[in-house]
Amino acid sequence: QQQVKQSPQSLIVQKGGISIINCAYENTAFDYFPWYQQFPGKGPALLIAIRPDVSEKKEGRFTISFNKSAKQFSLHIMDSQPGDSATYFCAASLETSGSRLTFGEGTQLTVNP
Amino acid sequence: GAGVSQSPSNKVTEKGKDVELRCDPISGHTALYWYRQSLGQGLEFLIYFQGNSAPDKSGLPSDRFSAERTGGSVSTLTIQRTQQEDSAVYLCASSLTGGNNQPQHFGDGTRLSIL
């Protein structure tokens, strides 16, 4: 079964700190790795995504680090803000399967002011 | 509207009843996906549409679940003879095509509660 494992389940960070969320996948055929942010009562919103031919991608305060040999990828949120408090999901997909997303279990991030 | 629209936003029904959930994708998006999010859980894939056809129905949990898409636009997810374990948030997403270079845009979901 295709799986994506995410950790930690919850994370508390002080304002200005770095938030780090990790994911590991099993299927080496996955070829697209997005991160989604979800606020209570809302649907997930795409934050940033990476393909396996790149080891790092940065967009503003958000960076994805990708380690193909270890089958792991992580999200780093620099200068974390209280407004970043949300649930974050990593995911993976395979173009030949119509890009259906396989999600991690989610990380509830709390950034204290 | 600019985004994916789902209705109703909340649905409470009795065990054994049938329910229909609706998704209006972003105009022009040919790919449409249904996912389910149970309390405290991640998102679970249900079904994928490309146009009006469903090349991947592998995530539907039982034959009580079905979905259709008409006119390459609106989709309905139907759950027959609902059970308490069907309680969850049902999310719809659409993308320009079914290819990997297209992000999936999610609606805010239908929160389904089975009494």
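General observations
- One residue from B:16, B:72, B:42 being out of contact with any helix residue (DSSP H, G or I) (no Cβ under 9 Å at 6 or more places or on another chain), at pLDDT below 95 and at positive phi: B:72
- Just so you know, in segment A:39-61 the residues that are within 21 Å of residue A:12 (Cβ to Cβ) and surrounded by fewer than 18 Cβ atoms within 10 Å (Cβ to Cβ) include one that is modelled with the lowest pLDDT, and it is A:40.
- Flag: residue B:46 does not match the condition of being of a type outside the set (Val, Ile, Thr) and either more than 11 Å from chain A (Cβ to nearest Cβ) or more than 13 Å from the chain's Cα centre (by Cα) (or both).
- Residues in segment A:85-101 that are under 21 Å from residue B:103 (Cα atoms) and more than 7 Å from chain B (Cβ to nearest Cβ) were compared, and the one that is surrounded by the most Cβ atoms within 10 Å (Cβ to Cβ) is A:90.
- In summary, strands (runs of 3 or more DSSP E) completely within segment B:1-90 and bearing 2 or more residues that are open to solvent by less than 20 Å² (accessible area, probe 1.4 Å) and either of a type in the set (A, V, I, L, M) or touching a residue at least 24 places away in the same chain (Cβ under 8 Å) (or both) occur at B:19-24, B:31-37, B:43-50, B:75-79.
- Just one of (1) polar (S, T, N, Q); (2) away from chain B (no Cβ under 12 Å); (3) under 30 Å from residue B:110 (Cα atoms) fails for residue A:69. It is (3).
The values are calculated or read from the model by the stated rules, or taken from the named source; none is laboratory data. Here the structure is a predicted model, which means the values were calculated and not measured. So basically every Cβ, Gly included, is an ideal-geometry build from the backbone, and we count neighbours across all protein chains shown. Remember, those area values only see protein heavy atoms, side chains included, never the ligands or the DNA or RNA. Shrake-Rupley method; radii C 1.70, N 1.55, O 1.52, S 1.80 Å.
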